[in-house]
Ligand SMILES: NC(=O)c1ccc[n+]([C@@H]2O[C@H](COP(=O)([O-])OP(=O)(O)OC[C@H]3O[C@@H](n4cnc5c(N)ncnc54)[C@H](O)[C@@H]3O)[C@@H](O)[C@H]2O)c1
């Protein structure tokens with residue numbers, strides 16, 4: 001094991017399950033101290049147990065990552081406790097696909113607050129903490145967008161719009177924060193095998209979807225975690241404002 005992130009401090013929002021959990025475990029396996037955050041304490045606990053059982057270091061940061069003060073407090077807690085802050089992964093989202101006509105204000109608020117505003121708060125809090133850390137290696141902010149950012153999926157006006165917005169946040173923040181040696185990038189996963197997907201789709205739908213993906217399978221959370229590790233570490237030191245598709249080739253095969 002290389003421990004390429006030894007001594008670095010990271011926070012992954014929504015890391016109690018799915019892609020966020022895989023990212024948190026991967027960063028911790030490379031030696032990072034990782035803040036684990038989720039709305040569901042039992043999920044947070046499960047991720048922390050996985051990391052500690054593998055010999056890694058995890059910090060419990062229960063909070064709603066849609067709320068500005070919570071995100072700032074969590075980042076502050078990590079940087080004060082460990083003397084630096086290096087890596088922010090804005091992953092948490094709440095997703096509902098639905099026809100335009102039936103979208104309510106409640107759905108709008110919930111999706112926008114966590115999926116868009118939460119990412120902006122994460123960028124804001126991380127930028128402040130990374131700058132204050134004055135790390136020789138700068139810092140890395142990674143936003144989890146989606147292939148939906150580039151597509152016109154049916155019944156997904158809010159999701160497509162929010163994820164396109166995450167790409168916009170990423171590009172502008174990369175411009176503003178580059179001179180402080182803070183890199184900002186996004187990952188755009190295609191369909192990835194998490195509970196959020198398998199609970200909603202029948203095995204037949206999953207099979208049909210896989211047949212349309214050039215690499216002929218759904219993504220796994222670990223596929224996204226590998227891309228995130230690359231963007232978090234020094235191997236991507238001159239990459240900022242980019243979006244990496246982790247989608248088996250599907251986004252641009254059919255758009
Ligand atoms: N699974 C896919 O196919 C797929 C594809 C493209 C993009 N994505 C994106 O990847 C990210 C993770 O998706 P996933 O499939 O792993 O989802 P998931 O539902 O499995 O996990 C998301 C986690 O975030 C937590 N969460 C939700 N709101 C929160 C909040 N306000 N504060 C803190 N935690 C919160 C949930 O409790 C959950 O544990 C999301 O941004 C999603 O849009 C997923």
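The values are calculated or read from the model by the stated rules, or taken from the named source; none is laboratory data. If you're wondering where the values come from, they're calculated on a predicted model, not measured in any experiment. A quick note on method: Cβ atoms are made from the backbone with ideal geometry, for glycine too, and the neighbour counts reach across all protein chains shown.
Given the conditions (1) part of a loop (DSSP other than H, G, I, E, B); (2) at pLDDT 95 or above; (3) over 27 Å from residue 161 (Cα atoms); (4) more than 19 Å from the chain's Cα centre (by Cα), and given that residue 81 satisfies all but one, which numbered condition is not satisfied?
Every listed condition holds for residue 81 apart from (1).
In segment 34-57, what residues are surrounded by fewer than 23 Cβ atoms within 10 Å (Cβ to Cβ) and in a strand (DSSP E or B)?
57
Report those helices (runs of 4 or more DSSP H) wholly inside segment 191-232 carrying at least 1 residues which are within 30 Å of residue 5 (Cα to Cα) and free of Cβ contacts under 8 Å to residues at least 24 places away in the same chain. Lay out the reasoning, then the answer.
Values: elements: 195-198, 203-212, 221-232.
Result: 221-232.
Take residue 170 and decide whether it is in contact (Cβ under 8 Å) with a residue 40 or more places away in the chain, in a helix (DSSP H, G or I) and surrounded by fewer than 17 Cβ atoms within 10 Å (Cβ to Cβ).
Working: in contact (Cβ under 8 Å) with a residue 40 or more places away in the chain: yes; in a helix (DSSP H, G or I): yes; surrounded by fewer than 17 Cβ atoms within 10 Å (Cβ to Cβ): no.
No; evaluated as a whole, the condition is false for this residue.
Would you check which residues across segment 178-209 are more than 9 Å from the ligand (Cβ to nearest atom) and at pLDDT 95 or above and list them?
178, 179, 180, 181, 182, 183, 184, 185, 186
Condition first: more than 17 Å from the chain's Cα centre (by Cα), outside any loop (DSSP other than H, G, I, E, B), free of Cβ contacts under 8 Å to residues at least 60 places away in the same chain and surrounded by 19 or more Cβ atoms within 10 Å (Cβ to Cβ). Can you find one or more residues in segment 62-69 that meet it?
no
Condition check ((1) within 8 Å of the ligand (Cβ to nearest atom); (2) part of a loop (DSSP other than H, G, I, E, B)) across all residues:
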| position | (1), (2) |
| --- | --- |
| 88 | no, no |
| 94 | yes, yes |
| 97 | no, yes |
| 108 | no, no |
| 114 | yes, no |
| 118 | yes, no |
| 123 | no, no |
